[in-house]
Ligand code: SF4
């Protein structure tokens, strides 16, 4: 097995079996695990506490039954599966869980939390251009820090948070570089592998993920580039799961050359800026966030951003991965659709449902889509 194959196999194993990956990371580091629900949270504070932040993004599951007691059928697909997992005790080993509140569904998830660990809910201000928004968010993060200290029985120092910011910024930069390089190697980094590498980030110590990503990037750069005979697309939305969807892209020789997924590139889009006060640095990262349906932007710069990405990466089309019943993404879609039509950018909207049991309709739509160009 080559080095690239070994790294990809490891990442796929982590992404496919988070429970084992977390247990391995805990055995190696002795760290307690703290859950982090979508979409954004100051993970650096968790890391500074000496804990392992673990992303909780649901999973493909065909049977939602227990969650129906607490969530209406029109709650988004991803939260349905998280609630089901809570009720099945999947998160019972976590020491705490962080929940942000950027949408109506997430606002109620903290109140409805059924896991055994304490839930720490906080709010990102949406009027983000004001300095007072940063001041407000610093106060929120102070509460997060205090709650984590109580849950974990530790003291979280400013120095430790600044060090954690360095670890996370290094990881973001390494992942961004990997994504740029991977766009030139679609024969090696297919849609399933690309997603696994991004998903594994949620279950590994960030320093370990950075080391693996850097090694993978260096190996790719040493390989000759080959012409890609298939199509190239950009994915946008919350997530592009389950894997069956990505397998269909692979089946029809469709490469993902870039993405604007909340679970993937949006997580590494913006570094935490320099500064003295770590919580203010983290607050300013939120202020600097752009191109996301969950970070209010009256100018909707996400729309031209995606159109520019099509040109930059020579993409043939954009696939809008619409998370089932996700309001923030539904609000952006008509605007993006109109602009793409105006610019004659091929586009397709696919509904993403973690509870999907059949993918034949998606296969037919993807097949007919690629046959059109
Ligand atoms: S998928 Fe959409 S509706 Fe669901 S929690 Fe995320 S942002 Fe909210």
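The values are calculated or read from the model by the stated rules, or taken from the named source; none is laboratory data. Here the structure is a predicted model, which means the values were calculated and not measured. Glycine also receives a Cβ, built like all others from the backbone with ideal geometry; neighbour counts cover every protein chain displayed.
Data overview
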{"item": "Residue among 240, 295 that is surrounded by 23 or more Cβ atoms within 10 Å (Cβ to Cβ) and either touching a residue at least 24 places away in the same chain (Cβ under 8 Å) or assigned to a helix (DSSP H, G or I) (or both)", "result": "240"}
{"item": "Any hit, segment 351-358, residues being more than 14 Å from residue 303 (Cα to Cα) and in a helix (DSSP H, G or I)", "result": "no"}
{"item": "Single match in 263, 267 (criterion: within 16 Å of the ligand (Cβ to nearest atom) and in a helix (DSSP H, G or I))", "result": "267"}
{"item": "Test: residue in segment 275-287 that is in contact with a helix residue (DSSP H, G or I) (Cβ under 7 Å, 6 or more places away or on another chain), without any contact (Cβ under 8 Å) to a residue 12 or more places away in the chain and away from the ligand (no atom under 16 Å from the Cβ)", "result": "yes"}
{"item": "Filter pass, residue 332 being part of a strand (DSSP E or B), at pLDDT 95 or above, within 15 Å of the ligand (Cβ to nearest atom) and crowded, with 17+ Cβ neighbours inside 10 Å", "result": "no"}
{"item": "Close pairs (8 angstrom Cβ cut-off, 6 or more residues apart or separate chains): under 21 Å from residue 368 (Cβ atoms) in segment 222-233, exposed (fewer than 10 other Cβ atoms within 10 Å of the Cβ) anywhere", "result": "231/373"}
{"item": "Residues that are in a helix (DSSP H, G or I) and either touching a residue at least 60 places away in the same chain (Cβ under 8 Å) or under 30 Å from residue 82 (Cα atoms) (or both), drawn from segment 338-350", "result": "none"}
{"item": "Where residue 67 falls short, out of the listed (1) in contact with a helix residue (DSSP H, G or I) (Cβ under 6 Å, 6 or more places away or on another chain); (2) touching a residue at least 40 places away in the same chain (Cβ under 8 Å)", "result": "(2)"}
{"item": "Elements of type helices (runs of 4 or more DSSP H) in segment 32-117, at least 2 residues being within 13 Å of the ligand (Cβ to nearest atom) and farther than 24 Å from residue 138 by Cβ", "result": "77-87, 104-111"}
{"item": "Residue 306 under 18 Å from the mean Cα position of the chain (by Cα), crowded, with 18+ Cβ neighbours inside 10 Å, more than 16 Å from the ligand (Cβ to nearest atom) and in contact (Cβ under 8 Å) with a residue 40 or more places away in the chain", "result": "yes"}
{"item": "Among residues of segment 359-373, those that are modelled with pLDDT of 85 or more and part of a loop (DSSP other than H, G, I, E, B), counted", "result": "2"}
{"item": "When residues of segment 19-31 are limited to those that are under 16 Å from residue 91 (Cα atoms) and loosely packed, with under 13 Cβ neighbours inside 10 Å, the one nearest to the ligand (Cβ to nearest atom)", "result": "19"}
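Every residue, every condition in (1) surrounded by 18 or more Cβ atoms within 10 Å (Cβ to Cβ); (2) under 22 Å from the mean Cα position of the chain (by Cα); (3) over 20 Å from residue 38 (Cβ atoms), yes or no:
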| site | (1), (2), (3) |
| --- | --- |
| 116 | no, no, yes |
| 119 | yes, yes, no |
| 124 | yes, yes, no |
| 148 | yes, no, no |
| 154 | no, no, yes |
| 158 | no, no, yes |
| 170 | no, yes, yes |
